[in-house]
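Undergrad: Sharing a structure, written as C-alpha cells. Questions coming.
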Amino acid sequence: MENSAPTSRMSEVLELVTHSHAPMLAIEVPTEVIAAASPSARELLDRRAPTLVGRSLMDFVEGDPSGAMPLLAAGRLTGYETLRSLKMTGHRRRLWISAVPESGPTRMAIAVLLREDATGRASVPWKDDDAPSPVIGSTDARLMVDRLSSEVYESLGHSVEKIIGTSFLSLIVPENIAEVLLALAQTSKHDEGVTLRVGVVGADLAPVPCQLVLLPLTPAPSCAFALLTEDSHGPADDRAVADLITRLSRGIRGAMTSQAVASAPVRRDVDLRRLSSRELEIVTRLMAGDRVPSIAKQLFLSEGTIRNHLSSVFGKLGVGTQQELIELLRPAPAAGPKR
C-alpha cells in the first residue's frame, strides 16, 4: 500500500493533462520523455503523429538547454521557464515546466506551452479571478525591493512602506537564502524564469511557506518576483494536481505582471504602491494599448469586472477616466537637443 498515493497522483496527472484544453504535457524527469499530452499540445507539436507518448520532448522542440532540468530533478527548483522553437512550424513558445510532488517512482513534471502576444508577454490560459492574488514586486541590481503590490500586508503582515528600499533577501528565512541565490543566478544567466518553495519572514517573524516565482530584469541580477502563500495546515504534496496547476498559473501571471510593470512606459514618480497585483496587471495592459474588451478576454474576466478594477485604480490615483489615467502615467517626452 506504500505506493498507492503516488500511483493515484500519477493517474490524476495523466488524466488532467490528457483532457486539458490548454497545450500541456506530462513529462518524465529528467529524461523529458512524454507520458501524456493534451489535444492542443499534439496539434502544436505534431498534428500528424498518432501519439506523442513515449517520445522525447526534444523530438519536437529545439533550443539551447538552460541547465534547469537537473536542478528540478534534484529538488532545488520547483519549476522553470525556457524558450523553445517548435520544429514543425518554427514558431517560438515559452515553456513552463513544473514538478509534480511525490508523483511516484518515475518523477513527473507538467509542461505548458505558452503563446506570446505582440509585446512578447506570454498568455496564461487559466482563469483565477476567485483566488487570492500573489504579492508581486521587483528589485534593482542590488536586490533592493523597489516596487511591491498591496497584497503584502494581507499575505505577510508587512506594510509596503516597510519593505520598499530593503533587501529582498531579508524577506527570506536564512536557511533558504542559498537556494534563492542559486535561483537568481539561474534566471539571470539564462534570461528565463524559475520557481521554488521558500520560507518568507512574516511581520511576526514567523516563517510563511511560499512559492516564489522569479523573472529576470535588466540589469542583472535585478528581478521581478511573485510570492504565493501556501497552506500551512498541510503539506503542499497533498493538494490536488488541478490546484497545483492553478497556483502555477497565478504565480507565472503575477511575475509576468511585475516584469511588465518594471519595464512599462510608466512614470516612475507616480506612487503605485496602493495598487493590487490585479490592478497593476490591468494598468500595464492599458498602457500597452489594450482596451477593456481585449483585457477581459486575456484575463478570462468580464468587462464589468475590468471596469470595476479600473474604478478602484481611479480612486487610488485621483483620476476620473481611462484617458486621465493614461495621461497621468505616460512618461513626459524626452527633451530635444538644445539649439
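Quick note: the coordinates plus some simple rules give every number you see, no bench work behind them. For clarity, every value in this text was computed on a predicted model and none was experimentally measured. Glycine also receives a Cβ, built like all others from the backbone with ideal geometry; neighbour counts cover every protein chain displayed.
Undergrad: Running a GNM on the chain with Cα contacts under 10 Å, which residue among S138, S40, S249 ends up with the highest mean-square fluctuation?
TA: Ranking S138, S40, S249 by mean-square fluctuation puts S40 first.
Undergrad: Between the alpha-carbon centers of segment 54-73 and segment 279-325, tell me the distance in whole angstrom.
TA: Cα centroid of segment 54-73 versus Cα centroid of segment 279-325: 38 Å apart.
Undergrad: Does the chain come out rounded, prolate or oblate, given a ≥ b ≥ c as the square roots of the eigenvalues of its C-alpha gyration tensor, rounded meaning a/c under 1.5 and, failing that, prolate meaning a/b above b/c? Mind dumping the intermediate values first?
TA: On the way: a/c = 1.73, a/b = 1.41, b/c = 1.23.
Prolate.
Undergrad: Which residue, A288, H309, V319, has the largest displacement toward the positive end of the dipole of segment 277-329 when charges sit on each Cβ (Lys, Arg +1; Asp, Glu -1)?
TA: Farthest towards the positive end: H309.
Undergrad: Determine the equivalent ellipsoid of segment 135-263 by diagonalising the alpha-carbon gyration tensor, then write out the semi-axes as square roots of 5 times the eigenvalues, largest first, rounded to whole Å.
TA: Values: eigenvalues 86, 61, 39 Å².
Working from the Cα gyration tensor, I get semi-axes of 21, 17, 14 Å.
Undergrad: What FRET efficiency do you get for R115 and S159 if R0 is 45 Å and r is their Cβ-Cβ distance, rounded to the nearest 0.05?
TA: On the way: r = 38 Å, r/R0 = 0.83.
So, using R0 = 45 Å, E works out to roughly 0.75.
Undergrad: Taking one equal scatterer on every alpha-carbon of segment 277-329, how large is log10 of I(q)/I(0) by Debye at q = 0.21 1/Å?
TA: -0.67
Undergrad: With each pseudo-label sitting 7 Å past Cα toward Cβ, what's the L328-R48 distance in nm, one decimal?
TA: 5.6 nm
Undergrad: Could you work out how much longer the chain between D204 and A74 gets when fully extended? Use 0.36 nm per residue separation minus the Cα distance between them, nm to one decimal. List each step's numbers first, then the result.
TA: Values: separation 130, 0.36 × 130 = 46.80 nm, distance 3.20 nm.
The span from D204 to A74 would gain 43.6 nm if fully extended.
Undergrad: Among the complete DSSP H segments of the chain, which ones combine at least 27 Å of alpha-carbon extent along their axis with a mean Kyte-Doolittle hydropathy of -1.0 or more? Can you show the working numbers first?
TA: Details: long enough: 241-263 (33 Å, 0.39).
Passing helices, by number: 241-263.
Undergrad: I would also like to ask the following. Calculate, for D59 and A141, the FRET efficiency according to 1/(1 + (r/R0)^6) with r their C-beta to C-beta distance and R0 51 Å; round to the nearest 0.05. Let's see the in-between values first.
TA: Values: r = 39 Å, r/R0 = 0.77.
After rounding, the FRET efficiency stands at 0.85.
Undergrad: Counting alpha carbon pairs within less than 8 Å and at least 6 residues apart, what relative contact order, in whole percent, applies to the chain?
TA: Numbers: 613 pairs, mean separation 44.9, N = 339.
Value for the chain: 13 percent.
Undergrad: Still on this structure: Would you calculate a helix-derived [θ] at 222 nm for the chain, using -39,500 (n - 2.57) for each DSSP H run of n ≥ 4 and dividing by the full residue count, to the nearest 500?
TA: It lands at -10500 deg cm²/dmol.
Undergrad: Explain nothing, just the number: dipole magnitude of segment 4-122 about its Cα centre with +1 on each Lys and Arg Cβ and -1 on each Asp and Glu Cβ, in debye rounded to the nearest 20. Could the numbers behind the result be given before it?
TA: Numbers: 14 positive and 13 negative charges, 43 e Å.
So the dipole magnitude of segment 4-122 works out to roughly 200 debye.
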